[in-house]
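Everything below concerns the one structure shown next.
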Amino acid sequence: MQLSGAAWKFGSDIDTDLIIPARYLNTSDPAELAKHCMEDADPEFYSKINAGDVIVAGKNFGCGSSREHAPIAIKAAGISCVIAKSFARIFYRNAFNIGLPIFECPEAAEKIQPGDRLEIDAGSGLIKNLTRDESYRAAPVPEFMQQIIAAGGLINYVAKRVKKNG
Amino acid sequence: MGMTIAEKILAAHSGKEFVEPGELVNAKVDTVLGNDITAPVAIREFKKIGVDKVFDKDRVVLVPDHFTPNKDIKSAEQAKIVRDFAREQGLTNYFEVGRMGIEHCLLPEQGLVGPGDVVIGADSHTCTYGALGAFATGVGSTDLAAAMALGETWFKVPESIKFVYYGQLNPWVGGKDLILYTIGRIGVDGALYKAMEFTGPVIRQLSMDGRFTMSNMAIEAGGKCGLIEPDETTLAYVKGRAKFPYTFYKSDDDAKYWEVYEFDVSRIEPQVAFPHLPENTRPVSEAAHVKIDQAVIGSCTNGRLEDLRLAARVLAGKKVHPEVRCIIFPGTQEIYRQAVKEGLVEVFIDAGAAVSTPTCGPCLGGHMGILAKGERAIATTNRNFVGRMGHPESEVYLSNPAVAAASAVLGRIASPEEVV
């Protein structure tokens, strides 16, 4: 899968309250959540981004609450993937489970500047920075996570297993 | 080679003699948990899997506690999804308003989680049960859905970090201060993906309530769980309470740790975490200049009886500062009842504090104590992120209940010694 879009940069320790504030968690409708994506970090974020754009952040992205509404809001807003130095554990799991591609790549997180045009090969984890003519390689996705992605998310993976076992 | 508690529990639940960090295991889960924010998404996903029933109607626990009592129509709809599902599935452990509590105070109290269990909850503070010696960790709604169907989930066996606490605790210093101090030392990702193990003579002397507070905040250091080896204190707590069999696991002497920290607690005074991360900790003596508009005492971190007793000790015979709102949330109905019996609630009302039915409301900026632009709160909760308790330009300072109560009286962050 090829992903491409412009980079939106954020700092370290971006918590899930910044990604989707709790005041909007009285719904689980993705379209509704998307409108408030990153709102407390950048109130205009949703209106500024284009489909395919990429969030690039520092360490510990997605720390805090376990709310799956966070990756759901990012995905529904049209962001194609998140690149960060590191991810908080629950966010990492959630992103795979709902099918939001994420890439752990300290080098990319350092070097990419706001607005840079990026092209990412989701399979190999190769990140191309078209603006700077650079490329970076993300940490390989663990094999089990690849199976989840290949199945189309955790629920499909589990449903297939349940069906097979009758 | 020896194993840590975390490794032993995961091995036992995945049918293995031995596991080591990095290994991927499929583990049986004993209890799974969801709330009114996370369960509706989990229920939606569960229905796509193609099974009719949850794996065990006694061990899927649903607690609507975040936006309850329902704060608005949308929240009421979310809570109704959870209620309807609980009825349809015949769940024995669904807790309705009036009988419920804040989930992480409620489940241990009701004996629904015990030593040696594997517990996953679609709430990041599920790590609280590590205080009982359970492998308990937060997950998202989709993981909850899969576990509700299968009764198992996958884990990467985490490395463990050992934290040894020794020395004499100073007055007004408890579990909250130890964990805030620890997060201050290692940072909000200092234990990322790791199992934290709290040990040493100070932990052995700590009450169950103090231990729950410590394990509760393991996630604020990025930890997967925050384990405490079960002992006589644990046994006294679970005896007569546990609804299911339990097992005490202890780390082997030759267990391997990623890192070991040793903290002399005699050097620690009550801690305050400044905005906007729990790692921004300072001794309370360096925070006394900060004026506050609100003091919040309660939550899954500090809403237990010992916490309320501490707050009452400080508030007894005092008045909340005229420019401060003090809001107190007992963690469960049982804690509330006991607080009434012991006269704590009377102390709070006499002092001019509001006492509420159990809810997570204010901690996450949901309802029951939202901050306006520019307002500042001291709270015994667990997070002080931007906008956590209301307006993005409001601020939250984290502390123990005695410091929050003293601050409520003086209208600025204060040490309990200034009041009592």
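No value in this document is a laboratory result; all are computed from the given coordinates. Quantities reported herein were computed from a predicted structural model and do not represent experimental measurements. Ideal geometry is used to build each Cβ from the backbone, glycine not excepted, and the neighbour counts take in all protein chains shown.
When 1/r is averaged over all different Cα pairs and the result inverted, which Kirkwood radius in Å belongs to region B:271-418? After inverting the pairwise mean of 1/r, the radius is 14.5 Å. Modelled spin labels at A:SER124 and A:VAL162, positioned 7 Å past Cα toward Cβ, are 3.8 nm from each other.
With both residues required to sit in chain A, DSSP beta bridges show an antiparallel share near 50%. Maximal additional length on extending the A:GLU32-A:GLN113 stretch stands at 26.2 nm, based on 0.36 nm per residue less the C-alpha distance.
Shielding of peptide B:184-193 by partners, expressed as the average count of other chain Cβ atoms within 10 Å per residue Cβ, is 4. 3J(HN,Hα) couplings calculated from phi for region B:213-226 with the Karplus curve 6.51 cos²θ - 1.76 cosθ + 1.60 (θ = phi - 60°) are, in sequence order, 4, 5, 5, 3, 9, 4, 4, 6, 9, x, x, 7, 7, x Hz; Gly and Pro show x.
Cα centroid separation, region B:114-152 to region A:60-137: 26 Å.
Neighbouring Cβ atoms from other chains, within 10 Å of the Cβ of residues in A:82-94, number 5 on average. Peptides B:77-90, B:228-241 ranked from most to least packed, by the mean per-residue count of other Cβ atoms within 10 Å: B:77-90, B:228-241. Each Lys and Arg Cβ is given +1 and each Asp and Glu Cβ -1; about its Cα centre, region B:5-262 then shows a dipole of about 580 debye.
Classify region B:92-179 as rounded, prolate or oblate from the Cα gyration tensor: take a ≥ b ≥ c as the square roots of its eigenvalues, call it rounded if a/c is under 1.5, otherwise prolate when a/b beats b/c and oblate if not. Verdict is oblate for region B:92-179.
Set the bar at 24 Å for Cα to Cα. Now go through A:LYS9/B:LYS291; A:LYS75/B:LYS373; B:LYS53/B:LYS243; B:LYS48/B:LYS224; B:LYS8/B:LYS156; B:LYS16/B:LYS256 and name every pair that lies beyond it. Cα-Cα > 24 Å for A:LYS9/B:LYS291; A:LYS75/B:LYS373; B:LYS48/B:LYS224; rest within.
How high is the FRET efficiency between A:ARG132 and B:ARG87 when r is their beta carbon distance and R₀ equals 45 Å, given to the nearest 0.05?
0.20
Seen through its C-alpha gyration tensor, with square-root eigenvalues sorted a ≥ b ≥ c, the protein assembly as shown comes out rounded because a/c lies under 1.5. Taking amide H positions as modeled 1.01 Å from N, with prolines and chain starts lacking one, the residues under 5 Å from B:THR332 and 5 or more places away or on another chain are B:ILE102. Taking B:LYS243, B:LYS176, B:LYS318 in turn, the Gaussian network model of chain B (Cα-Cα springs below 10 Å) assigns the largest fluctuation to B:LYS243.
A Gaussian network model of chain A, with springs between Cα atoms under 10 Å, assigns the largest mean-square fluctuation among A:ARG89, A:ARG132, A:ARG23 to A:ARG23. Label positions at B:ASP56 and A:ALA150, each projected 7 Å from the Cα along the C-beta direction, are separated by 3.2 nm. Here the Gaussian network model covers chain B, with springs between Cα atoms less than 10 Å apart; of B:ALA12, B:ALA134, B:ALA312, B:ALA12 fluctuates the most. Net charge dipole, region A:39-90: roughly 300 debye, given to the nearest 20, about the Cα centre with Cβ charges of +1 for Lys and Arg and -1 for Asp and Glu. Sequentially through region A:5-12, phi angles give Karplus couplings (6.51, -1.76, 1.60; θ = phi - 60°) of x, 8, 8, 10, 9, 9, x, 8 Hz, Gly and Pro residues having no value and appearing as x.
DSSP bridge analysis restricted to chain B gives an antiparallel fraction near 20%, rounded to the nearest 5. Averaged over the residues of B:385-397, the number of partner chain Cβ atoms lying within 10 Å of the residue Cβ comes to 4. Would you work out if chain B is rounded, prolate or oblate? Take a ≥ b ≥ c from the square roots of the eigenvalues of the alpha-carbon gyration tensor; rounded if a/c is under 1.5, else prolate when a/b is larger than b/c, oblate otherwise. Because a/c hits 1.5 or more and a/b fails to exceed b/c, chain B counts as oblate. Bridging of B:LYS194 to aspartates and glutamates at a Cα separation below 15 Å is possible for B:GLU7, B:GLU20, B:GLU23, B:GLU159, B:GLU220, B:GLU259, once same-chain residues fewer than 8 apart are set aside. Near the amide H of B:GLY226, within less than 5 Å, lie the amide hydrogens of B:GLY130, B:ALA136, B:MET196, all on another chain or at least 5 residues away, with H placed in the peptide plane. Close amide H pairs (under 5 Å, H built 1.01 Å from N) link A:ALA41 with no residue at least 5 positions away or on another chain. When peptides A:90-98, A:62-70 are sorted by average Cβ neighbour count within 10 Å, with the highest value leading, the order is A:62-70, A:90-98. If we count every other residue with Cβ under 12 angstrom of B:PHE95's Cβ, Lys/Arg +1 and Asp/Glu -1, where does the sum land? Charge balance in the 12 Å sphere: -4. Taken about its Cα centre, the protein assembly as shown carries a charge dipole of roughly 1000 debye when the Cβ of each Lys and Arg holds +1 and the Cβ of each Asp and Glu holds -1. Working note: Karplus 6.51/-1.76/1.60 with θ = phi - 60° gives region A:152-165 the couplings x, x, 4, 5, 5, 4, 5, 4, 5, 5, 4, 5, 5, 7 Hz, where Gly and Pro are set to x. Restricting attention to the protein assembly as shown, close to 30% of DSSP beta bridges with both partner residues there are antiparallel. Extension gain for B:ALA76-B:GLU232 works out to 51.9 nm (0.36 nm per residue, less the C-alpha to C-alpha distance).
For region A:31-166, the ratio of Cα radius of gyration to the globular rule of thumb 2.2 N^0.38 Å stands at 1.08.
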